[in-house]
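Following: one structure in structure tokens, then a few remarks.
A short reminder: the numbers here are calculations on the coordinates, not readings from a lab. As the structure is a prediction and not an experimental result, all values here were calculated from the model. Please note: Cβ atoms are built from the backbone with ideal geometry, for glycine as well, and neighbour counts cover all protein chains shown.
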Amino acid sequence: MHSDEGGESTVVEPAPEAPAGGRRRFGELWRNADFLKFWAGETLSLAGAQISLLGLPLTAVLVLNAGAEELGLLRLLQLLPYLFLALLFGIVADRNPRRPLMIASNLLRATALGLVPVLTVVHQLNIGLLDVIALLVGIGAVMFDVCWLSYIPTVVTDRRLLVEANSKLGTSSSAAEIAGPGLAGALIQALSAPYALAVNAGSYLLSVISLLAIRTPEQRPEPTKEKGNLLRDAREGLVWVFGNSYLRVLALLGGSYNFFLTFIETVFLVYAVRTLNMSVEVIGIVLSAGGIGGLLGAMLANTALTRFGLGRVYSVSVLVAFAAPVLIPLAGGPQLLVAGVLVAAFFLTSLGIGTANVIVITLRQAVTPRRLMGRMNAAMRMLMFGIAALGSPAGGFLSVWLGLHGALWVAGVASILALVPLFRSEIPKLTELPKPVED
């Protein structure tokens, strides 16, 4: 599960309506029909993303015989659009209605992934074309991610319900992570990796249908006084993130987490197949354990926040998430024991980040004016996933230099050291959301 983390001072005035009303208000969004449609569309997109997360690299490894270096490049190309296009797409999302952009994004991803089985049938699939497809999938993912995070306040206008909305969406993300790898493993075993991606393409098309069914009118953003100045608009989003101490620290933490996650994902698949001799089904079960942890984390976030306070819950959550990866290189002995330790590593990592993500997305939405929402999310996405993009080649190159096991040790230890900025900040002392920033 990727971090979606996101700003200021030790003492903040408590906003009486945040975080979202605790258990008393937990179920109110079940009566919001358009949120349910949006939730369904996002859930389908997340499920599809989980299938491609395993399906694309396993297509490279099992069908095209790719090594760790080629796998690193494949993952890099999928994340590279976050570095170069996120801010531009954030500007587009702040200037235009976001729902049509999400629909176009999922159509792009469906088309790109649908090419994999077609190219396989005609015996034209190669690692170069798979790299291009991964890049197109990444471009669609950037636009969708920038838009959906900014679109939530359109269908959930009551600020008190943002934690509930983000908790439900976080639960979907984790549920997708539970079902995604296991489903991908079963589909790949039954159909082979390229044909399993056809199911992925279908999930994006179903998401498009659910988004088309939303009826809540989306206000077109008011035009800025100074027209067409992309550099100014991009700078405004970056200045907002770097100028807010919450957003600045959480962007750094989110980027660090995602860097080590993509590093480990790149190395782990090759390590599991070629060093541990694990079957595709077992790999799917191990990765699904992460989804179970993330699901529990997202479900417990609202209750934990109410009982223990924002700063304490967030700090404990990221401590667990950043420390658990060291269990991966520690796993050894009988195959059953190795699988159990790996399950624990992925479960604990996602348990921590599943809770943290609900807090962070809500915090970002609370401290950012609506007119800057798209650019803030884009800047955060660029920083977090831009740094993450470097994790794939780093994992590939270090695995060549130190071996697969040695590279996993480096990632596990360095992940723990990356927590230093959190405990030097004021975030652990927060008890409530900051007061909202007005446009």
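Points to keep in mind about this one:
- Cα-projected label distance for Gln219 with Val273, points at 7 Å along beta-carbon direction, nm: 5.1
- Using the Karplus relation 6.51 cos²θ - 1.76 cosθ + 1.60 with θ = phi - 60°, the per-residue 3J(HN,Hα) values for region 317-322 come to 4, 6, 4, 5, 5, 7 Hz, with x marking Gly and Pro.
- Added length on full extension, which subtracts the Cα-Cα distance from 0.36 nm per residue, Arg424 to Asn65: 124.7 nm
- When the alpha carbon coordinates of region 349-413 are projected onto the principal axes, the ranges are 47, 24, 13 Å, largest first.
- Sum of -39500 (n - 2.57) over DSSP H runs of 4+, divided by residues of the chain (222 nm, nearest 500): -26000 deg cm²/dmol
- Pairwise FRET efficiency - Leu212 versus Val118, Cβ, R0 = 25 Å, nearest 0.05: 0.50
- Treating r as the C-beta distance of Ala33 and Leu107 and R0 as 25 Å, the FRET efficiency rounds to 0.55.
- Here the calculated FRET efficiency for Phe242 and Ala190, from their Cβ-Cβ distance with R0 = 35 Å, stands at 0.15, rounded to the nearest 0.05.
- For the pair region 368-403 / region 236-279, the C-alpha centres are spaced 6 Å from each other.
- Between the labelled values (1) 1.10; (2) 1.08; (3) 0.95, the entry that holds Rg/Rh (Cα atoms, Kirkwood Rh) as derived from this structure is (3).
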